[in-house]
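See below for the structure under consideration.
What follows is calculated from the coordinates using simple rules that are stated; it is not laboratory data. Computed from a predicted structure; not experimentally measured. Heads up, the Cβs are rebuilt from the backbone with ideal geometry, glycines too, and the neighbour counts pull from every protein chain shown.
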Amino acid sequence: MKSVRLLWVPMVLLVVVLAGWWWHAHTTEQSTLIATQDVSAMLKDPAVIAKGRYLATVSDCMSCHTQQGGEPYAGGRVIPTPFGNIPAPNITSDPEHGVGRWSFDDFWRALHSGIGRSGERLYPAFPYTSFTKTTPEDAIAIFAYLQSLPPAAQASEPPGLNFPYNVRSTLNAWRALYFKPGVYKPDPAQSAEWNRGAYLVQGLGHCDECHAQRDALGGLQGNAPLSGGQIPVQDWYAPDLSTQANGGLQGWTQQDIVDLLKTGQSSKGTAFGPMANVVGSSTQYLHDDDLRAIAIYLQSLPARAKLVPVAASFDSKALADHGHDIYVKRCADCHGENGAGLANVYPPLDGNSSVLEPSGINAARAVLLGGFAPLTQGNPRPYSMPPYAQQLSDADVAAVVTYIRQAWSNHAPAVEERDVAAYRHTPID
């Protein structure tokens with residue numbers, strides 16, 4: 001039976017490759033529908049460049065395309081994936097190492113279709129699966145801004161992917177399965193604000209790239225957008241973003257969402273982990289009307305099915321009782337014995353979406369590594385939580401996290417010691 005099952009593997013791969021070949025052979029790239037002379041004039045327009053700077057901030061381009069201590073947009077930061085590491089390229093105006101010799105059509109193909117200047121298929125660590133929704137006018141503005149950047153003579157490193165993922169032709173099959181190019185089309189049944197929010201969330205903001213579950217091939221499971229998922233390799237859980245029944249942000253108001261994106265802090269929780277970086281480098285700079293549009297769109301996401309808690313394979317009550325003792329000693333002074341926290345200082349733990357996410361990984365890593373809210377214009381002196389990795393054992397962390405996830409109105413599954421041991425050794429970045 002085992003040999004029969006093994007025969008399915010090459011057969012499935014063959015089907016996928018043939019599907020990818022068919023898709024590649026029958027797909028044509030969408031025209032930008034903008035005359036070349038118009039593009040040339042727009043690329044030099046200061047207003048267009050300023051718009052592009054804002055849109056590049058919305059897209060959080062700098063976070064990936066700038067390594068720590070490096071020149072802005074000069075690349076070098078390594079994006080870890082389950083298939084190997086992918087260094088982000090230089091996208092400054094440098095003619096040798098950046099995009100200085102690129103035409104707008106080159107840039108459009110990369111952003112909209114995931115195709116490089118030399119015709120190579122790009123790895124989806126560059127989220128063209130979301131950026132494809134960008135309008136040509138916005139793409140021109142972003143490109144104009146990148147062309148205005150000072151050139152940085154920093155060579156881009158090649159991807160460090162494992163076989164067979166380092167064979168780019170396999171991307172044809174992946175694209176056939178997971179990629180559908182197309183500019184965002186407004187929904188005429190919705191308001192202008194809703195459509196703006198949908199465009200920002202689905203496209204430039206590429207929120208689904210983190211806030212959705214991925215399968216074994218790294219493809220997004222598109223049946224429930226923004227329904228939450230564990231970020232591969234980094235081991236953080238990006239929560240479900242629905243504010244409706246059983247959603248990760250159930251009960252959040254429009255103002256709660258705006259506050260978190262603007263300052264990193266709201267009455268319902270605080271941004272930490274990867275989201276703190278997003279707030280610090282991107283969303284805090286968004287215009288208030290764009291933040292409100294995002295909130296309006298998120299509030300329209302549907303209710304979610306109620307998750308049935310998985311019964312623990314051990315005595316979780318004894319674990320939670322031990323966790324209560326740790327909580328009283330280590331946590332209650334800030335977060336309160338009732339888990340309510342202190343408004344605009346210490347986040348509540350009762351009903352907190354990061355506490356209640358399915359895996360328990362966020363709470364466990366916060367206890368181990370500490371919780372560091374982003375420094376923002378609206379919160380220039382954020383309070384932080386100290387790390388307890390040196391003070392608490394894996395069993396202690398599992399106990400206190402289990403207690404928090406099951407105390408007050410919380411009813412989330414227990415966390416096991418073996419999981420904490422794995423989270424302890426996950427790289428921070």
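Structure summary
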item	result
Estimated FRET transfer efficiency when R0 is 35 angstrom, pair ALA340-ASN223 (beta carbons, to 0.05)	0.45
Potential extension, THR135-ARG117 segment - 0.36 nm per residue separation minus Cα distance	4.5 nm
Cα-based equivalent ellipsoid, segment 150-305: semi-axes from gyration tensor eigenvalues, Å	29, 20, 17
Largest-first ellipsoid semi-axes for the chain, taking √(5λ) over the Cα gyration tensor eigenvalues, angstrom	38, 27, 21
Tilt relative to the chain, helix 2-26 - C-alpha long axis, 0 to 90 degrees, to 10	40 degrees
Surrounding net charge for THR57, when Lys and Arg each add one and Asp and Glu each subtract one, Cβ distance under 12 Å	0
Fraction of alpha-carbon pairs over 26 Å apart in segment 316-424 - percent	12 percent
Expected 222 nm ellipticity per residue - DSSP helices of 4 or more, -39500 (n - 2.57), all of the chain, to 500	-11500 deg cm²/dmol
Cβ-derived FRET efficiency at R0 30 Å, ALA189 paired with ALA303, nearest 0.05	0.95
With Cα atoms, 0 to 90° folded angle of helix 46-58 axis to the chain main axis	40 degrees
Low-density loop positions, trypsin sites (Lys or Arg not before Pro), segment 97-159 - DSSP coil, at most 16 other Cβ in 10 Å	ARG101, ARG117
Nearest-ten-degree value, helix 288-299 long axis tilted from longest Cα axis of the chain	70 degrees
Linear extension gain, ASN410 paired with ASP215, 0.36 nm per residue minus alpha-carbon span	67.3 nm
Within-13-Å neighbourhood charge of TYR327 [Cβ basis; K, R +1; D, E -1]	-3
Extended-chain gain in nm, criterion 0.36 nm per residue less alpha-carbon gap, ALA332 and GLU157	58.3 nm
Radius 12 Å from Cβ of GLN154, net charge of other residues (Lys, Arg +1; Asp, Glu -1)	-3
Set of aspartates and glutamates near LYS317 by C-alpha distance (under 15 Å), chain-local residues within fewer than 8 positions excluded	ASP325, ASP396, GLU416, GLU417
Under-5 Å amide H pairs with THR81, H placed in peptide plane, nonlocal only	ILE86
Greater than 25 Å apart at Cα, pairs in LYS51/LYS185; LYS262/LYS329; LYS51/LYS262	LYS262/LYS329
